[in-house]
Amino acid sequence: QVQLQESGGGLVQAGGSLRLSCAASGINFNIFTMGWYRQAPGKQRESVATITSSSRTNYADFVKGRFTISRDNAKKAVYLQMNSLKPEDTAIYYCAAQILSNAYWGQGTQVTVSS
């Protein structure tokens, strides 16, 4: 059974930082592209950052220079370090594991940035 469990969300003031973690189980973690996505109220889910099995990263323009994605294959975990947070970063953040046409999702963790 595939499980992706996010943690690390919370309430933070604008300009602050949070580090999200996602622990995976039930998959051959090393071969999956891992990603962070977010969905704000009334908006569609959007990609924030992805990291391939070879640790090549890709970021949405709106987080470049502020967020960093990383992975630890030994721990089967992926992280999102979020710095210089803005109120518009408020959303539910989801972890995803993707390979070919398959995708698995976590339940999400709420991030709220106050102004």
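Read-outs: derived from the displayed coordinates by stated rules, not from any lab. None of these values were measured; they are calculated from a predicted model. For neighbour counting, all protein chains shown are included, and Cβ atoms are generated from backbone atoms with ideal geometry for every residue, glycine included.
Checking the range 14-35 against the condition returns no match, with no residue being of a type in the set (Phe, Trp, Tyr) and free of Cβ contacts under 8 Å to residues at least 40 places away in the same chain. Taken residue by residue, the range 51-59 has at least one member that is in contact (Cβ under 8 Å) with a residue 24 or more places away in the chain and touching a strand residue (DSSP E or B) at 6+ places or on another chain (Cβ under 6 Å). Restricting the search to strands (runs of 3 or more DSSP E) fully inside the range 49-110 and requiring at least 1 residues that are out of contact with any Asp or Glu (no Cβ under 7 Å at 6 or more places or on another chain) and buried (at least 19 other Cβ atoms within 10 Å of the Cβ) gives 67-72, 77-82, 91-99.
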